[in-house]
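**Student:** Below you will find the structure I want to go over with you.
The values are calculated or read from the model by the stated rules, or taken from the named source; none is laboratory data. It should be emphasised that the depicted structure is a prediction, and the values quoted were computed from it without experimental measurement. Here the Cβ is made from the backbone with ideal geometry for all residues, glycine too, and neighbour counts use every protein chain on show. Protein only, heavy atoms only, side chains kept; ligands, DNA and RNA dropped before computing areas. Shrake-Rupley method; radii C 1.70, N 1.55, O 1.52, S 1.80 Å.
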Protein chains: 2
Amino acid sequence: MRTVELEQIMAALDPERVMAALAAGFRAFAAGECQVAAVGHLGFPGDADCHIKSAHLDGDDVFAVKISNSFYGNPAGVPKEDGVIVVGSARTGAILAVLHDHGELTGIRTAMAGALAARLIAPERPRTLGVIGSGDQARRQVAAIRAALPFERLLVCARRPEAAAALGGEAVGIERLCAEADLIVTATTARAPLFPAALARPGMRIVAVGADAPGKQELDPELVAAATVIADSPGQCIDHGEAGWAVRAGLLDPARLIPFGQALAEPPSFAAAETVVVDLTGVAVQDVVIAKAVWEALAPA
Amino acid sequence: MRTVELEQIMAALDPERVMAALAAGFRAFAAGECQVAAVGHLGFPGDADCHIKSAHLDGDDVFAVKISNSFYGNPAGVPKEDGVIVVGSARTGAILAVLHDHGELTGIRTAMAGALAARLIAPERPRTLGVIGSGDQARRQVAAIRAALPFERLLVCARRPEAAAALGGEAVGIERLCAEADLIVTATTARAPLFPAALARPGMRIVAVGADAPGKQELDPELVAAATVIADSPGQCIDHGEAGWAVRAGLLDPARLIPFGQALAEPPSFAAAETVVVDLTGVAVQDVVIAKAVWEALAPA
């Protein structure tokens, strides 16, 4: 069993290769070719929890179990995230590696899914990217999406106006962001819609990454109900993603959800006025893909 | 994050202390004072799987996530078991340790639960212990139960007659075992009853440890239905323990199951002719207890 610390993990990571593997992983997941275990969850006092996600892509040599701890109430100076991904051999059951990534691989694979989603739904010749939120994941989304698509401008809507400068964008209010952004990415810890459906305009394209647990919500269910909705995992999105709020309100037929991997396999063509939402809750297939990529780079066959 | 290999783990393990902690852990679990995450499971070709069990005892400083791989189809020379227990801080979320126990701690905590169960249900002055099975867990159960209770004789019913000698007992058929053993422990991978209910005699006491996954079965549901049934986890036992077969056959009212931890807290007095079964499916509270004991011995506060 090899223990791999963060520096080595980052040195082994080839982002382009992982992006391609991630798209293939989502396609396999949508095709029923990825086994995903029940998600484990432990909660702790003070907005803190541990999530355990495990998956194996059919036929692969390795599988992965990810343990990620988020302790948002930690005092300053104490990291709020820690975690490992354990890589096991699907041939012998041997524990091959423990990747001590401190949650970093989750941050990266989440941003990469956002970039894949952005590439899928962005209108032609997108000029303006809008981001709601200014935390770690907002920063990662902006970087990944800008690397994938040639945006010229970045509009940032965040509680702290100085956050926009840190992200290299222009601080704006929610109305301007909704009116001007060709693509919006939402990356907050919100538990209520960030803007009313009335601010939605025809052709709005949204990548929603904040809702990753029950109770979280970024979008108005009426907006979601009126949109074409692409779900990284229809089951999970109905359980605790944006889609769930619209389904529970009786506004959205679950059968209308398009699996993300299916959309990546056969990209739909969207009408210019079509509102499209990609609901990303985070699935274990992403973890096994990124862990496998790191492991293969460290231990070539 | 500390990586701890097996030799160090074994050196840190104080069996008596763990037994006491395990009993306390079961009591807490039965009292609703232990958080247990959904069990994760991945299956692989050829009778191989990965189980993920996670728990946190209320108020404890640490929690544990156990990954245990059993690959029964591995060729000779390749270990059939591997695994780790990850110890996390319940205060900060920091990953404190990865105990690379190769599944050994699971074997130990399972045998210790068997010994606690034997002590609870054995008749007064037990003379003869009977074991069905001769594998690794049968060996562990015999050792743990003999350490806990003063049995004079060991009867072994196993497919391979030479196994009895290896266990230090007398090879017998199932009829003699049922007729003569004061306490029986079943530790097989059976998927059908090991003996018919007709062989049961009044006052039979059975510790059943084999059924740890759907499809596994060691006892005749009619025997279970007629017995006082103590369950390490009523929910799990109904899902995939011996109790489940009797419940699904309509023979056993789930409300009759006595939680193991409750029985440990307030030991019932059994009538001499009372048939008693302890149904042990293995619960995550055992994993967190043994991992915590190892961690505390390694890193004293």
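**Student:** Check A:PRO254 against each of (1) in the same structural domain as A:ASP47 (by TED's automatic domain parsing); (2) without any contact (Cβ under 8 Å) to a residue 24 or more places away in the chain and name the one condition it does not meet.
**Tutor:** Going through (1) in the same structural domain as A:ASP47 (by TED's automatic domain parsing); (2) without any contact (Cβ under 8 Å) to a residue 24 or more places away in the chain one by one, A:PRO254 breaks only (1).
**Student:** Considering every residue within region A:209-218, establish whether at least one is without any contact (Cβ under 8 Å) to a residue 40 or more places away in the chain, open to solvent by 30 Å² or more (accessible area, probe 1.4 Å), closer than 20 Å to A:ALA271 by Cα and more than 15 Å from the chain's Cα centre (by Cα).
**Tutor:** No; the residues of region A:209-218 include none that is without any contact (Cβ under 8 Å) to a residue 40 or more places away in the chain, open to solvent by 30 Å² or more (accessible area, probe 1.4 Å), closer than 20 Å to A:ALA271 by Cα and more than 15 Å from the chain's Cα centre (by Cα).
**Student:** Among the residues of region A:179-208, write down those that are among the hydroxyl-bearing types (Ser, Thr, Tyr) and open to solvent by 40 Å² or more (accessible area, probe 1.4 Å).
**Tutor:** Correct list: A:THR189 only.
**Student:** Can you tell me which of (1) part of a helix (DSSP H, G or I); (2) in contact (Cβ under 8 Å) with a residue 40 or more places away in the chain; (3) buried (at least 19 other Cβ atoms within 10 Å of the Cβ) is the one B:ALA297 doesn't meet?
**Tutor:** (3)
**Student:** Using beta carbons and a limit of 8 Å, which pairs, at least six apart or on different chains, have the first residue in region B:140-161 and assigned by TED's automatic domain parsing to the domain that holds B:ARG125 and the second one acidic (Asp, Glu) and surrounded by 14 or more Cβ atoms within 10 Å (Cβ to Cβ)?
**Tutor:** From residues that are assigned by TED's automatic domain parsing to the domain that holds B:ARG125, the pairs are B:PHE151/B:ASP182; B:ARG153/B:GLU170; B:LEU154/B:GLU170; B:LEU155/B:GLU170; B:LEU155/B:GLU180; B:VAL156/B:GLU170.
**Student:** If I go through region B:41-58 residue by residue, how many of them are more than 8 Å from chain A (Cβ to nearest Cβ) and either open to solvent by 60 Å² or more (accessible area, probe 1.4 Å) or hydroxyl-bearing (Ser, Thr, Tyr) (or both)?
**Tutor:** Total satisfying the criteria: 3.
**Student:** Mind listing whichever residues of region A:108-136 are out of contact with any Leu (no Cβ under 9 Å at 6 or more places or on another chain) and modelled with pLDDT under 95?
**Tutor:** A:GLU124, A:ARG125, A:GLY135, A:ASP136
**Student:** Return a yes/no flag: does region A:23-40 have any residue that is within 7 Å of chain B (Cβ to nearest Cβ), open to solvent by less than 10 Å² (accessible area, probe 1.4 Å) and in contact with a helix residue (DSSP H, G or I) (Cβ under 9 Å, 6 or more places away or on another chain).
**Tutor:** Taking every residue of region A:23-40 in turn, at least one turns out to be within 7 Å of chain B (Cβ to nearest Cβ), open to solvent by less than 10 Å² (accessible area, probe 1.4 Å) and in contact with a helix residue (DSSP H, G or I) (Cβ under 9 Å, 6 or more places away or on another chain).
**Student:** Considering region B:157-178 alone, what residues qualify as being in contact with a Leu (Cβ under 6 Å, 6 or more places away or on another chain) and either aliphatic (A, V, I, L, M) or buried (at least 19 other Cβ atoms within 10 Å of the Cβ) (or both)?
**Tutor:** Once the filter is applied, which keeps residues that are in contact with a Leu (Cβ under 6 Å, 6 or more places away or on another chain) and either aliphatic (A, V, I, L, M) or buried (at least 19 other Cβ atoms within 10 Å of the Cβ) (or both), region B:157-178 yields B:CYS157, B:GLY169, B:VAL172, B:LEU177, B:CYS178.
**Student:** Between residues in region A:162-182 that are outside any helix (DSSP H, G or I) and residues that are of a type in the set (S, T, N, Q) and surrounded by fewer than 19 Cβ atoms within 10 Å (Cβ to Cβ), which pairs lie under 6 Å by C-beta distance while being six or more apart or on different chains?
**Tutor:** Pairs found: A:ALA181/A:THR128; A:ASP182/A:THR128.
**Student:** Give the residue, chosen from B:ASP253, B:ASP239, that is of a type in the set (Asp, Glu), more than 20 Å from the chain's Cα centre (by Cα) and open to solvent by 10 Å² or more (accessible area, probe 1.4 Å).
**Tutor:** B:ASP253
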